[in-house]
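Worksheet: one structure, shown below.
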């Protein structure tokens, strides 16, 4: 079976467990590119672009001290930035 871009695979689940301490969900994987985009651009979340499930994920990330803030200004730890890059590489770039 060929992996599609943005598809949650076992190797992504394994990598997230290694790096974050838990297996991420499909929604979490798809939220990561938006967070990366936000941090590279205006560094503020647009509340209208975030649904309830994504808000819950952001709360989890805040609990792990991966992120802080939001619509008034998002901050991200360097550790979490590197985690996002590693996971997005597996999910969107290295798709064997």
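The single condition among (1) surrounded by 15 or more Cβ atoms within 10 Å (Cβ to Cβ); (2) more than 11 Å from the chain's Cα centre (by Cα); (3) at pLDDT 95 or above that residue 22 does not meet is (1). Taking every residue in region 46-66 that is under 16 Å from residue 16 (Cα atoms) and pairing it with any residue that is loosely packed, with under 11 Cβ neighbours inside 10 Å and modelled with pLDDT of 95 or more, at least 6 positions away or on another chain, the pairs with Cβ-Cβ distances below 9 Å are 64/21. Take region 54-75 and flag every residue that is under 25 Å from residue 90 (Cα atoms) and surrounded by 16 or more Cβ atoms within 10 Å (Cβ to Cβ). 54, 57, 58, 61, 66, 67, 74 - these are the residues of region 54-75 that are under 25 Å from residue 90 (Cα atoms) and surrounded by 16 or more Cβ atoms within 10 Å (Cβ to Cβ). Residues that are surrounded by 15 or more Cβ atoms within 10 Å (Cβ to Cβ) and out of contact with any strand residue (DSSP E or B) (no Cβ under 8 Å at 6 or more places or on another chain) were ranked within region 36-53; the one that is modelled with the highest pLDDT is 36. Among the residues making up region 54-96, a single one is on the phi > 0 side of the Ramachandran plot and at pLDDT 95 or above: 65. If you filter region 8-19 down to residues that are within 13 Å of the chain's Cα centre (by Cα) and in contact (Cβ under 8 Å) with a residue 60 or more places away in the chain, you find that the one that is surrounded by the fewest Cβ atoms within 10 Å (Cβ to Cβ) is 19.
The values are calculated or read from the model by the stated rules, or taken from the named source; none is laboratory data. It should be emphasised that the depicted structure is a prediction, and the values quoted were computed from it without experimental measurement. A quick note on method: Cβ atoms are made from the backbone with ideal geometry, for glycine too, and the neighbour counts reach across all protein chains shown.
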